[in-house]
Every structure is written in C-alpha cells, then in structure tokens.
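Down below is the structure, laid out as structure tokens.
Every number here is computed from the coordinates shown, using simple stated rules; none is lab data. No experiment lies behind these values; they were computed from the predicted model shown. All Cβ positions, even for glycine, are placed from backbone atoms using ideal geometry, and neighbour counts span all protein chains on display.
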Amino acid sequence: MISSQESRSRYPELSVSVRSSNPFALVAGVREELRRAGAGREEIAGFTEDALAPPRDLEHALEVARHWIGSAEAA
C-alpha cells in the first residue's frame with residue numbers, strides 16, 4: 001500500500017470524484033483529467049495498466065489513482 005507520506009502524486013492539482021463503485025468509471029475519470037492536464041498517451045496507458053491490474057477492484061484503483069493525482073473519490 002502506498003501511503004501519502006511515502007510518495008507524492010504526479011499531478012497533485014488534479015482531482016476526480018465519481019458516483020460509482022465501478023473501478024472502470026474511476027479509471028475513465030482519471031484518464032480524462034490526465035488528458036486535460038497534458039499527460040501523454042504512454043503515461044495515461046501506464047496509469048490505466050496499473051489501476052486495472054489485479055485485483056481490479058475499487059480499492060486498488062483508488063490507491064493507484066491517489067498515487068497519480070491529488071484526490072480521488074468514488075461512491
């Protein structure tokens with residue numbers, strides 16, 4: 001598990017909040033914000049691969065998203 005003290009997010013100014021418990025919805029939201037921030041295709045693909053790696057659940061996707069952006073929430 002990555003703690004906030006161990007590392008800082010790559011894009012701390014970005015935040016995503018989705019009204020879904022589906023990890024794919026969260027990943028889609030983060031991908032859109034990364035695109036808007038000017039992240040390259042390879043970087044976005046790297047985020048997607050990490051976030052959707054097993055166990056492919058919401059908690060894992062949130063952990064990865066919080067490593068990449070400043071704030072990520074899902075309902």
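Taking 0.36 nm per intervening residue step and subtracting the Cα-Cα distance, what contour gain separates SER17 from ALA53 on full extension? Don't jump to the answer; show the numbers that get you there.
Numbers: separation 36, 0.36 × 36 = 12.96 nm, distance 2.06 nm.
My answer for the length gained is 10.9 nm.
I'd like the Kirkwood hydrodynamic radius of the stretch 31-75, using the inverse of the mean 1/r over distinct C-alpha pairs, in Å.
Kirkwood radius, the stretch 31-75: 10.8 Å.
Would you mind calculating the gained length between GLU63 and ALA45 on full extension (0.36 nm times residue separation, minus the Cα-Cα distance), in nm to one decimal? All intermediate terms of the calculation are to be shown ahead of the outcome.
Values: separation 18, 0.36 × 18 = 6.48 nm, distance 1.66 nm.
Contour length minus Cα-Cα distance gives 4.8 nm.
Quote the relative contact order of the chain in percent (integer), defining contacts as alpha-carbon pairs under 8 Å separated by 6+ residues.
49 percent
If we sort 11-24, 62-75 on the protection proxy, mean other Cβ atoms within 10 Å, highest first, what's the order?
Ranking the peptides 11-24, 62-75 by packing returns 62-75, 11-24.
Taking the simple approach of a point 7 Å from Cα along Cα-to-Cβ for both ARG10 and ALA28, what is their distance in nm?
Distance between the two pseudo-spin positions: 2.2 nm.
Using the Karplus curve 6.51 cos²θ - 1.76 cosθ + 1.60 with θ = phi - 60°, what ³J(HN,Hα) values do you get for each residue of the stretch 15-27, in whole Hz, with x for Gly and Pro?
Values, residue by residue: 9, 9, 9, 10, 9, 7, 9, 7, x, 5, 5, 5, 4 Hz.
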